[in-house]
């Protein structure tokens, strides 16, 4: 049964999660009665943890936000409901649409129920704790609304749980929702600590609130606010880039100095099956979510130039002399993964098993012979830990990062570029990220391609390329190409994978456009044709779920649906 706003308003949706120990990684235990709940500190803790619980959904289902990158230009997801978001066939009845809407409004309902009932605890709970709980709840409500407005535009704005007869709420103007989001986040920033210690590690901090202000401000063209919020995080001294980009997304990078907010997992409590969905058939996976050829071709050469300009790029050996984040993020042909050479050439029905870095024996290659092996010929390496294989491929405890310091630097640079307020701090923000990718210091410009231009147009191309590369497979891409107004250009025509035969069959290097995106000819004949994508004029936003329209006569559908 779909969860409409009216149904949410009729339920008490605070979920109990275990109390003090491992507070963020326990299952809900019960649904309490709000008339007697919220009366002491323990109950407030359980209630706010029940709102955190909504963050697990980012990873746990095919409808989750992490999957949305694979409905954009950078990947492919073998899932009919989500692929309808990419091929133009999405409707108000598409299950993914109903799941996304219901999920976020259920989280908002949990937050509102807690916020409405805080007064019940004022006699028994100190003011500092009350402010902290309110701040966490308001952050999470803002976080959920942030995603709703990016996906649906104008949405019903609920800051308290209305009575059933009041639940037919109309959509509020997006700008008003943005104002409420920022108001909530300012409160959270002012009442949350810079750091948490002990069992509270991983909870929302003031830095997370500042970063979310910056993100929302950037997405809604409030550039000065975005810059100010980023500067607050940068000046706090709490965060910095983790030195190893690849390991940041493996177990070594859990709760590192770069992580601002993550989704935690723990064996025996809560795990996820993401590895099985992305690993190779040879490793026992299903290769369901995979990167596209366009993603691969977007990585720069080591001279900092796109592949259509760099003399270092060899189309017959396309993975040589490329930005190190390509190998860190994507498993491409002839990579070694889980003790096998990954190869997707149709003639490679056998591949090498590898031990201690040396070929051991030839074995059957399921990444070619299985009909449901990777459709593009590539795999995501990011969040794909070999430590999870084979036993934990369906029960991983690898955390997923929702916010990290690299986003602060990228947001700061983009906002300043859009304001045409370009100074050394803009170049330093971009170059700090590039230097980390190459494993060198910012000042070591001989060993990475530092950005030196101060031209606004050139820097706009650079920052858009940098976001695409740095944040690949982290759930940002669909939002970015919509707000940059380029989704119609990127989501029309075939999504392609690797060359059907060898890479030496590629005679023409694709042109890289002003937004850092490869342009292929109309036929793209040398490449695998994975899916035909269609972007219709109404696809700038998702449709409001039909269930919501049916029960709420004040809800107006988005144009074209």
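The values are calculated or read from the model by the stated rules, or taken from the named source; none is laboratory data. In this text the structure is predicted, and so the values were computed from the model without any measurement. Because the Cβ atoms are built from the backbone with ideal geometry, glycine has one as well, and the counts that use them run over all protein chains shown.
When restricted to residues that are assigned to a loop (DSSP other than H, G, I, E, B) and either at positive phi or touching a helix residue (DSSP H, G or I) at 6+ places or on another chain (Cβ under 8 Å) (or both), region 531-561 contains 13. For region 520-532, a tally of residues being modelled with pLDDT of 90 or more and either surrounded by fewer than 14 Cβ atoms within 10 Å (Cβ to Cβ) or over 25 Å from residue 345 (Cβ atoms) (or both) returns 1. When every residue of region 174-191 is checked against the conditions, none turns out to be at pLDDT 95 or above, not assigned by TED's automatic domain parsing to the domain that holds residue 381 and not in a helix (DSSP H, G or I). The set of residues in region 377-398 being closer than 20 Å to residue 79 by Cα and more than 21 Å from the chain's Cα centre (by Cα) consists of 377 alone. Candidates 48, 31, 14, 90: the one that is part of a loop (DSSP other than H, G, I, E, B), modelled with pLDDT of 85 or more and out of contact with any strand residue (DSSP E or B) (no Cβ under 9 Å at 6 or more places or on another chain) is 90. All conditions in (1) crowded, with 22+ Cβ neighbours inside 10 Å; (2) in contact (Cβ under 8 Å) with a residue 40 or more places away in the chain hold for residue 181, with the sole exception of (2).
Taking region 219-232 as the range and being under 20 Å from the mean Cα position of the chain (by Cα) and surrounded by 24 or more Cβ atoms within 10 Å (Cβ to Cβ) as the test, the residues that pass are 226, 230. Entry remark, region 488-515: residues being assigned to a loop (DSSP other than H, G, I, E, B) and under 30 Å from residue 560 (Cα atoms) number 5 in total. Look at (1) in contact (Cβ under 8 Å) with a residue 24 or more places away in the chain; (2) within 18 Å of residue 245 (Cβ to Cβ); (3) assigned to a helix (DSSP H, G or I) and you find that residue 451 fails only one, number (3). Condition check: part of a loop (DSSP other than H, G, I, E, B) and at pLDDT 95 or above. Does residue 256 satisfy that? Yes: the conditions hold for residue 256.
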